[in-house]
Amino acid sequence: EFKYLFKNNECISRNIENYNAARTGGKLLNLDDNYLALTTGDISDFTKPQDKESIFGKVLKINKSTGKYELISYGHRNSQGLIKTKNENLLISTEHGPKGGDEINLIDINKLENFGWPISSYGFPYGGSQNEPSGNPDAPMFNSHEEYGFKEPIYTFYYEFTGRHGISDIEINHFKENDVFFVAVLAGNVLYEVDVNLENEDVNKIQTYRTNERIRDIEFD
């Protein structure tokens, strides 16, 4: 028997400009016995991630018993990975940028933090460049988060260094004692090992492994 655990009636029209049903997020994480976390994308509707009344462009905390939800964070474009750290209050998300600007974000579940999309991004629109504003008032994609009052990523991947990229899932490296994670990549055909400093909210080291494969999802055995 199947029943809905969580359901919402908010819709985004397929007729909006640049409609993209692939930008949906969709990573599900078991937080504890009572709650799940779910990432949602913006489906290319730039008005949704900054709207706290919308479920799109968010990380949601969902009650397993009632299906009611609250926001953990907002201002996201398309977070395809989400993982718990050894600090029970902190999550890490891996998020697709536009052209460049893929982000690793550190999320405090006890604070409602804004990660800036689409006001801020270290990526830029396809057809544009890093030094040219997007020209879209709903999505200016300014090259700073902090300057506009948003939470900075702990790491950003720039297009000029990575080319086509697309980080997807994240999983704890259980072989290491400190906070080290594997980050999967799609078009970039690599796997990263990322050593995170939770206290300083930054990355100590990134090791790159060439896979020559797109990796969508990682499971630890």
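In a GNM of the chain with a 10 Å cut-off on Cα contacts, which of LYS111, LYS52, LYS84 has the highest mean-square fluctuation? Between LYS111, LYS52, LYS84, it is LYS111 that shows the largest mean-square fluctuation. Heavy-atom surface analysis with a 1.4 Å probe gives the chain a carbon and sulfur content of 44 percent of its accessible area.
Restricting attention to the chain, close to 95% of DSSP beta bridges with both partner residues there are antiparallel.
With the charge dipole of the range 14-139 set up from +1 on Lys and Arg Cβ and -1 on Asp and Glu Cβ about the Cα centre, the Cα lying farthest toward the positive end among the listed residues PHE115, ASN105, LEU38 is that of LEU38. Approximating the spin labels as points 7 Å out from Cα along Cα→Cβ, the HIS174-to-TYR209 distance works out to 1.5 nm. Estimated from the Cβ-Cβ distance and a Förster radius of 35 angstrom, the FRET efficiency linking ASN34 and PHE2 is about 0.95. Where a ≥ b ≥ c are the square roots of the eigenvalues of the C-alpha gyration tensor, would you call the chain rounded, which needs a/c under 1.5, or, failing that, prolate if a/b is larger than b/c, or oblate? Judged from the Cα gyration tensor, the chain comes out rounded (a/c under 1.5). Taking all protein chains together and a 1.4 Å probe, the residues LEU82, LEU5, LEU38 rank LEU5, LEU38, LEU82 from largest to smallest accessible area. Subtracting the Cα-Cα distance of TYR19 and THR85 from their residue separation scaled by 0.36 nm leaves 20.4 nm. Counting other C-beta atoms within 10 Å, and keeping those with at most 15, which DSSP coil GluC sites (Glu not before Pro) do you find in the range 138-182? Filter output for the range 138-182: GLU177. Bridgeable lysines around LYS7 (alpha carbons under 25 Å apart, same-chain partners fewer than 8 residues away excluded): LYS27, LYS48, LYS52, LYS58, LYS61, LYS64, LYS68, LYS84, LYS111.
If you build a Gaussian network model of the chain, linking Cα atoms that sit under 10 Å apart, which residue out of SER65, SER93, SER54 swings the most? Of the options given, SER65 has the highest mean-square fluctuation.
Candidates ASN200, PHE157, LEU186 compared by Cα position along the dipole of the range 145-206: farthest toward the positive end lies LEU186, with charges placed on Cβ.
Rolling a 1.4 Å probe over the protein heavy atoms gives the chain an accessible area of 54 Å² per residue.
The values are calculated or read from the model by the stated rules, or taken from the named source; none is laboratory data. All values reported here derive from a predicted model rather than from experimental measurement. All Cβ positions, glycine included, derive from the backbone under ideal geometry; neighbour counts span all protein chains shown. Heads up: the accessible areas ignore ligands, DNA and RNA and are worked out on the full protein's heavy atoms, side chains in. Shrake-Rupley method; radii C 1.70, N 1.55, O 1.52, S 1.80 Å.
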